[in-house]
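Colleague: I have a structure here, written as structure tokens, and I will follow up with some questions on it.
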Amino acid sequence: TTRNNISLFGAMILICLGVQFELLTSTSVVLELFSSSVDTAPIDVPQLLNVQRRQGPRVLLGIFATEREEDSAFWQAQRRLFQTYPDRICPLSSSIIPSSCELVYTFVVGGNATGPTTQSSDFLVNQTTTKTGNMDVTRLNIVENTMVDKSQTWFSYAHHHLVQVHGFDYVAKCNLDIFLRLDEWFDFAQQHLPMQTHRRIFAGMFADAISTKMRVMNLKEYLKPKYARHYLYWYALGQFYLFSASILRDVVAEIPNYPGTGNGRNQEDIAMSFIAMKTPGVVELLVLAEKDRFWSQGLPEPALGNFSHRDTALPVGVTSSSFIAPVTSPLIKESPSNSSRRVPPNRPRILMGIFSTMSSRTDARYRSLFRELFQANHPYRDRICPLSNVHDSCELIYTFVLGANPNTTTTEIRTGPDAESFLFQGSVAAFAEDAAEGDYTFLNIRENMDEGKTPTWWAFVSHILQKYELDYAAKCDSDTILLLDGLFGFAETYLPPKTHRRILLGKFSDSMLYQNLLPSGQVDRQRKYLEGKFGSHTLHWFAQGQFYLLSAQLIQDIQVEIANFPGFVVNFEDQVLSMMALKSAGLIELLVLAESEHFWMHKFKLPRQRHKFKAVWEEKFRQITGTPREGEVFAPTPFAITTANSTTVEMSNSI
């Protein structure tokens, strides 16, 4: 007893002195310290100080199971699998979770045979006992059900009672017949799931509910307030998906507002996905391809219970392929020593190509308005520059993109190895009366709208990424109105500089909604193009051409796709670009913005709307320059964007 007291006293002194303070601040470590004092063995203080730090995020995994006798073999196989990493995986069996534990698992069952299908408050029947007396089971206070409301109850319980108590960064759900390939899982988690993040991450293998003929059309009104007419019928397959703690909070708050779709097959996972997409704020989708998944599904019965060495942690007969593909053309992580870039470290550098034409007087007027905007006396003036005159503190680089060679083809994507080979070398004075402005990129192609201009632009951009140390590049239409405060605020919040993340941002739509406008057979050809990566779960998603943005890493990766693209789409060039981005090798991140979160405006295609464009532009320009109307005291209207931690940032409602 004396030795125990002395050891405990010594440990308390170390805590007070702040030794290993980072480790001891976790609730689980402090609980371990005090619970050890009642043990017969003395506390080993040196061993306590060497408690292993977590290598990656802490994830709570709910394995959806039943207590039927025929499922018992799967239960035991899952337990043996997790025991191959005892230092990094542990069950949710008590209030104490070791500090080194990264993956915490529990079997989730409905434990009330006479209860409802969902619960919003009284979540548990008896968490600690089951028929077999095991401690790694969460028995929800609901009747056992499949594809009804079990997921909603699980995620609500996890958010209200587990996330903050145990410091979970993510909460996941998987089916009982899903077996993680643990080496690949830990690689994925460390590379793509940041710890203690405010990012609103939703990860999984996604499918298109329309193409799978799910009954979702009655949910138009549910999604309309956030996405207007651009309904996103995307859902994560129930095999495995996860939410970050930040978006989970909003998902649980939104669950009571969900109208439901009946008890059709797979409706539960569609419900959780639609709820996540409806939550306020930017949703970051981590889209896993068929060959990228880090799990095996539906293992044959004889293979259950036989596991190989812990280095593979797989049932015998199941092979493991590395999930993380090698980066073939990595970007520089730090600027070279001779770099002239002086952009603050938390701000990215973005190139924006404004697609214009030479023949239209309207486009000439749009170019003039853009120049007035960029050169006006406002707080962002010194952070904007043309591509022809990039200075060291420039964050937004712009250029007007035109096809300047009327005597050649509409696309030029297989030209030489340098950027100059993509540019027209002749005189352009006859084509553009404002060519002397010097803020153009004259592509060596015939001017066109949907026959190759977009891939030519992106092929050109890929050759200048490192020269200008670009973090991102964008394409927008000339009749798009930029909200500069929203653009710069969004960039600082959501677009990290010098990242290897493969990001695609835009206003997304589902091409299945436009299939009547597509050429004959287009949907089938699109499916065949993508099925090599996504299998039967084809994603008919695309970023609309009004404005979209790609990270530098993604731009590099799609070059192979640009060069090899079969070219079967006419008049849908921006859709093609999104397809190539999805098809390119590696995990892609989609930043999905709601209608109210756009930092641009674009509804000016029709001739009758052009007068509105001019009026809106002049109003925004007046606000950004602080010029009041006659007799008016100028007071900018707050413009709000939702940040990554779901707080609201107010800025002047200017361009």
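The values are calculated or read from the model by the stated rules, or taken from the named source; none is laboratory data. Since we're looking at a predicted model, the values are computed, not measured. FYI the Cβ positions are ideal-geometry reconstructions off the backbone, even for glycines, and counts take in every protein chain you see. The area values use the complete protein model at the heavy-atom level, side chains included, leaving out ligands, DNA and RNA. Shrake-Rupley method; radii C 1.70, N 1.55, O 1.52, S 1.80 Å.
Colleague: Count the net charge of all other residues whose Cβ sits under 11 Å from the Cβ of SER151, scoring Lys and Arg as +1 and Asp and Glu as -1.
Modeller: Working: positive: LYS150, LYS173; negative: ASP149, GLU268, ASP269.
After counting each charged neighbour, the total is -1.
Colleague: In nanometres, what is the gap between the two model label sites at ASP187 and GLN375, each 7 Å from Cα along Cα-to-Cβ?
Modeller: 5.3
Colleague: Cβ neighbours within 10 Å, averaged per peptide: list 268-278, 96-106, 376-386 in order, most packed at the top. Walk me through the intermediate numbers first.
Modeller: Numbers: 268-278: 23.3, 96-106: 20.9, 376-386: 16.0.
Packing order, densest peptide first, comes out as 268-278, 96-106, 376-386.
Colleague: If you count only protein heavy atoms and use a 1.4 Å probe, how large is the accessible surface of VAL163, to the nearest 10 Å²?
Modeller: Per-residue accessible area (VAL163): approximately 20 Å².
Colleague: Enumerate the amide H contacts of LYS507 below 5 Å, restricted to partners 5 or more residues apart or on another chain; note that Pro and chain-start residues carry no placed amide H.
Modeller: Those lying under 5 Å, H to H, from LYS507 are GLN544, PHE547.
Colleague: Could you work out how much longer the chain between GLU420 and THR114 gets when fully extended? Use 0.36 nm per residue separation minus the Cα distance between them, nm to one decimal.
Modeller: Details: separation 306, 0.36 × 306 = 110.16 nm, distance 7.27 nm.
Difference between extended and current length: 102.9 nm.
Colleague: Here's something else I'd like to know. Once you sort the root eigenvalues of the Cα gyration tensor of region 140-210 as a ≥ b ≥ c, which label holds: rounded (a/c under 1.5), prolate (a/b larger than b/c) or oblate (the other case)? List each step's numbers first, then the result.
Modeller: Numbers: a/c = 1.67, a/b = 1.22, b/c = 1.37.
Verdict is oblate for region 140-210.
Colleague: Listed here are the pairs LYS278/LYS507; LYS453/LYS614; LYS475/LYS620; LYS453/LYS612; which of them are more than 24 Å apart at the Cα?
Modeller: Details: LYS278/LYS507 15 Å; LYS453/LYS614 27 Å; LYS475/LYS620 21 Å; LYS453/LYS612 28 Å.
Long pairs (Cα-Cα over 24 Å): LYS453/LYS614; LYS453/LYS612.
Colleague: Would you pull out the residues with amide H under 5 Å of TYR468's amide H, same chain only if 5 or more places away, H placed 1.01 Å from N?
Modeller: Hits under the 5 Å cutoff: none.
Colleague: Starting from the Cα of THR409, step 7 Å toward the Cβ, then list every residue of region 443-466 with an amide N under 18 Å from that point.
Modeller: Label zone hits: 443-461.
Colleague: Run the quick spin-label model on HIS160 and GLN466: label points 7 Å from Cα toward the beta carbon, then report their separation in nm to one decimal.
Modeller: So the two model labels end up 5.5 nm from each other.
Colleague: With r defined as the distance between the Cβ atoms of ASP392 and LYS291 and R0 fixed at 41 Å, what FRET efficiency is calculated, to the nearest 0.05? Don't skip to the end; give the middle numbers.
Modeller: Working: r = 42 Å, r/R0 = 1.03.
It comes to 0.45.
Colleague: Turning to a different aspect of this structure: In terms of the Cα gyration tensor, with a ≥ b ≥ c the square roots of its eigenvalues, is region 73-114 rounded because a/c is under 1.5, prolate because a/b exceeds b/c, or oblate?
Modeller: Values: a/c = 3.83, a/b = 1.47, b/c = 2.61.
Note, shape of region 73-114 comes out oblate.
Colleague: State, as an integer percentage, the relative contact order of region 361-484 based on alpha-carbon contacts under 8 Å between residues 6 or more apart. Before the final figure, lay out the partial values.
Modeller: Values: 147 pairs, mean separation 33.3, N = 124.
Across region 361-484, relative contact order equals 27 percent.
Colleague: Along the Cα→Cβ direction, 7 angstrom out, place labels at SER93 and LYS498. What is the inter-label distance in nm?
Modeller: The modelled label-to-label distance comes out at 4.5 nm.
Colleague: Oh, and also: Under the Karplus relation 6.51 cos²θ - 1.76 cosθ + 1.60, θ = phi - 60°, what is the ordered set of whole-Hz ³J(HN,Hα) values for region 377-384, x standing for Gly and Pro?
Modeller: Result, ordered by residue: 7, 9, x, 9, 4, 6, 9, 10 Hz.
Colleague: Dipole magnitude of region 61-119 about its Cα centre, charges +1 at Lys/Arg Cβ and -1 at Asp/Glu Cβ only, in debye to the nearest 20? Could the numbers behind the result be given before it?
Modeller: Working: 4 positive and 6 negative charges, 24 e Å.
The dipole of region 61-119 has a size of about 120 debye.
Colleague: Accessible area, 1.4 Å probe, largest first: how do GLU284, GLU469, GLU492 sort? Please report the intermediate quantities before stating the final value.
Modeller: Details: GLU284 5, GLU469 25, GLU492 75 Å².
Descending accessible area places them as GLU492, GLU469, GLU284.
Colleague: Oh, and also: Can you give the accessible area of HIS463, probe radius 1.4 Å, in Å² rounded to 10?
Modeller: 70
Colleague: For LEU61, list long-range residues whose amide hydrogen, built 1.01 Å from N in the peptide plane, is under 5 Å from its own amide hydrogen.
Modeller: VAL104, TYR105, THR106, ALA172
Colleague: Once phi is turned into θ = phi - 60°, what whole-Hz ³J(HN,Hα) does the Karplus curve with 6.51, -1.76 and 1.60 give for every residue of region 271-283, x standing for Gly and Pro?
Modeller: Coupling constants for region 271-283: 4, 4, 5, 5, 4, 4, 5, 7, 4, x, x, 6, 9 Hz.
Colleague: Mind checking the full-extension length gain between GLU618 and ASN346? Use 0.36 nm per residue of separation minus the Cα-Cα distance, one decimal, nm. Let's see the in-between values first.
Modeller: Values: separation 272, 0.36 × 272 = 97.92 nm, distance 3.16 nm.
Contour length minus the Cα-Cα distance gives 94.8 nm.
Colleague: With r defined as the distance between the Cβ atoms of ALA73 and MET195 and R0 fixed at 25 Å, what FRET efficiency is calculated, to the nearest 0.05? Walk me through the intermediate numbers first.
Modeller: On the way: r = 35 Å, r/R0 = 1.39.
The value I calculate is 0.10.
Colleague: Tabulate in residue order the Karplus-calculated ³J(HN,Hα) for region 237-248, using 6.51 cos²θ - 1.76 cosθ + 1.60 with θ = phi - 60°, rounded to whole Hz; enter x for Gly and Pro.
Modeller: 5, x, 3, 6, 7, 9, 10, 6, 4, 5, 6, 4
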